[in-house]
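The values are calculated or read from the model by the stated rules, or taken from the named source; none is laboratory data. Just so it is clear, the structure is predicted and the values come from calculations on it, not from any experiment. All Cβ positions, glycine included, derive from the backbone under ideal geometry; neighbour counts span all protein chains shown.
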């Protein structure tokens, strides 16, 4: 089998596996309400598999540097979710999503131009998360109406996620560690939720899911930092497992705190 054919077949398998993970997670999010939906949507269900595949093709230094870029772009994803939440209270899907994506693109370009260290990226996340969590806090608690899924919803989500994986893995040798880290955390799951829910359950209900996303992105920030520090000494496989455990552990802690009446 030729190298080109082998690469193409491997990439197709990678795209299909990742799409399956994201479909399972987003269906769960739709049925569980805004809090669980927001937390599940921000688990590394999209970025995690991408990083696994990147680790098969690149060394631990590449993964560690990519994690710094992902940490920096995590703050941009927080701003993106917050912009949508604020706009969707009264605006259409087209305006809310378009404005959010314009903000994301502009900030992502700035992130790409700046040389980030793990400490400067962490500092930016602290500031951005602090402001955005305060802004969206009053908008988290909206009852989610029943969702009647249309036949093309799941295939559309699968295609979105598969394209993300294909672009990231396929371009990783050309765009380098920083570019791969940015593309790995492109907010495809958040966008999918907006596209699927906004016109059926309304902007406020959809915004409630996204208003809980910054809480989950706190855990994702921790996960990126763990991946960066653990990749070189422990290897990519162990580092990725620890990063996943960190993200899941944070989400479980938030759910436990909410159920015990602890404000978070």
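For the residues 201, 185, the requirement of being over 22 Å from residue 152 (Cβ atoms), at pLDDT 80 or above and out of contact with any strand residue (DSSP E or B) (no Cβ under 9 Å at 6 or more places or on another chain) singles out 185.
Residues of the stretch 187-206 that are farther than 20 Å from residue 121 by Cβ and outside any helix (DSSP H, G or I): 202 alone.
All told, residue 62 falls short of being closer than 20 Å to residue 121 by Cβ, touching a residue at least 40 places away in the same chain (Cβ under 8 Å) and buried (at least 24 other Cβ atoms within 10 Å of the Cβ). If I ask for residues that are surrounded by fewer than 24 Cβ atoms within 10 Å (Cβ to Cβ) and within 17 Å of residue 132 (Cα to Cα), which ones from the stretch 83-96 would you list? Hits for the stretch 83-96 are 83, 86, 87, 89. Taking the criterion of being under 18 Å from residue 140 (Cβ atoms) and either outside any helix (DSSP H, G or I) or free of Cβ contacts under 8 Å to residues at least 60 places away in the same chain (or both), the residues of the stretch 207-251 that qualify are 212, 250. Checked against (1) at pLDDT below 75; (2) within 17 Å of the chain's Cα centre (by Cα); (3) surrounded by fewer than 13 Cβ atoms within 10 Å (Cβ to Cβ), residue 161 meets all criteria but (3).
In the set 122, 133, only one residue is farther than 19 Å from residue 88 by Cα and not in a loop (DSSP other than H, G, I, E, B); that residue is 122.
Just a yes or no: is a residue in the stretch 91-108 farther than 21 Å from residue 215 by Cβ and in a loop (DSSP other than H, G, I, E, B)? Checked the stretch 91-108: at least one residue is farther than 21 Å from residue 215 by Cβ and in a loop (DSSP other than H, G, I, E, B).
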